[in-house]
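The structure under discussion appears below in the form of structure tokens.
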Amino acid sequence: MNKLFFSIIIPTYNRPERLVSCLKAIALLDYPGDHFEVIVVDDGSETPLDDVIIPFKDNLNIKLLRQNNAGPATARNKGAELAQGEFLAFTDDDCQPNPDWLERFAEGFKKNPDAMIGGKTINALDNNLFSTASQKLIDYLYEYYNSARGKDAFFASNNIATPAANFKALNGFDVSFPLAAAEDRDFCDRWNSQFPMLYVPEAQVNHYHQLSLASFWRQHFGYGRGAFCFHQLHSQRQSKQLEVEPLSFYFNLLFYPFTQPSEQPKILISGLFFLSQVANVAGFFWEKVK
């Protein structure tokens, strides 16, 4: 089978230093340079990104798109509209893919060319308690929505790849979500109703998401807002009343950190899991009232 052609799509907003690190990692991909392109979508950054992109033009087939600030869902869709690749690979500007990232995706598509493929995200900031807790929480969601249910049902948008035709058939990400929160969950929900999903943990990116207590709270408050929008749309599609996760989901969540290896105190990670759910509930009902 010939090498697949990928379009790597990266939404970015006001993080030029992180974008540079992301592009440096992509320049080191162990994949033929004539079989992938890079599309950076500037979501209305305060400073133009031309000076960031120009140094990479000698080594990468790269293009820069701009839009008024509208969020990463709109940015990803904009990149997909102009993508030339048969397959789309999505990551974020604060991620650095491993050298075999595209090769692992390609192997997955050889097994199932219609699938959305989700890779594994690794927290690259082990010394940051809040970043560690945030990634551990995503790991728990992967186990809950994928392994525990016997099928793949949720992948975060910072490490996925899809056939371009199927992405466009679903009209991409729903741009009605107010924040960068749960639009990937909604996309996976819609995808799962029509196409298969495949987890390929060997396709890895390292995530450099610096968090503090304040930004951790804001992040999970935003996830709560997005969760309300997701459950509302999901219930409409299923013609059911709005439903949320059972109590067992939250009980198991609080004990999950104690079952996982970590350089950070597990009791503190569990405490941050609890705080994240308080923030989620607050955001959920704030969005509901709003």
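Each value in this text was obtained by applying a stated rule to the coordinates, not by laboratory testing. In this text, all values refer to a predicted model and were calculated from it rather than measured experimentally. All Cβ positions, glycine included, derive from the backbone under ideal geometry; neighbour counts span all protein chains shown.
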* **Criterion: of a type in the set (A, V, I, L, M, F, W, C), on the phi < 0 side of the Ramachandran plot and surrounded by fewer than 19 Cβ atoms within 10 Å (Cβ to Cβ) - qualifying residue of ALA165, ALA181** => ALA165
* What do you reckon, is SER248 free of Cβ contacts under 8 Å to residues at least 24 places away in the same chain and farther than 23 Å from THR121 by Cα? -> yes
* Per-region count, segment 81-100, residues surrounded by 20 or more Cβ atoms within 10 Å (Cβ to Cβ) and in a loop (DSSP other than H, G, I, E, B) -> 6
* Structure fact -> Filter segment 234-266 for residues that are of a type in the set (A, V, I, L, M) and either touching a helix residue (DSSP H, G or I) at 6+ places or on another chain (Cβ under 8 Å) or surrounded by 14 or more Cβ atoms within 10 Å (Cβ to Cβ) (or both); the one that is nearest to ARG185 (Cα to Cα) is VAL244
* To do: Go through segment 46-66 and count every residue that is part of a helix (DSSP H, G or I), hydrophobic (A, V, I, L, M, F, W, C) and either over 17 Å from PHE36 (Cβ atoms) or over 23 Å from the mean Cα position of the chain (by Cα) (or both).
  => 3
* Asked: Can you list the helices (runs of 4 or more DSSP H) found entirely within segment 101-215 that contain at least 2 residues being aliphatic (A, V, I, L, M)?
  -> 101-111, 129-142, 164-169
* Structure fact -> Apart from one, (1) outside any helix (DSSP H, G or I); (2) β-branched (Val, Ile, Thr); (3) farther than 26 Å from LYS111 by Cα all hold for VAL38; the odd one out is (3)
* Please determine, by comparing only the residues of segment 27-42 that are surrounded by fewer than 23 Cβ atoms within 10 Å (Cβ to Cβ) and of a type in the set (A, V, I, L, M), which one is nearest to LYS57 (Cα to Cα). => ALA27
* **Every pair of residues 6+ apart whose Cβ atoms lie under 7 Å, when the first sits in segment 162-191 and is within 15 Å of ALA75 (Cα to Cα) and in contact (Cβ under 8 Å) with a residue 12 or more places away in the chain while the second is assigned to a helix (DSSP H, G or I) and of a type in the set (Ser, Thr, Tyr)** => VAL175/THR74; ALA181/TYR223
* Can you work out which of the residues in segment 1-35 that are acidic (Asp, Glu) and assigned to a helix (DSSP H, G or I) is nearest to THR162 (Cα to Cα)? => ASP34
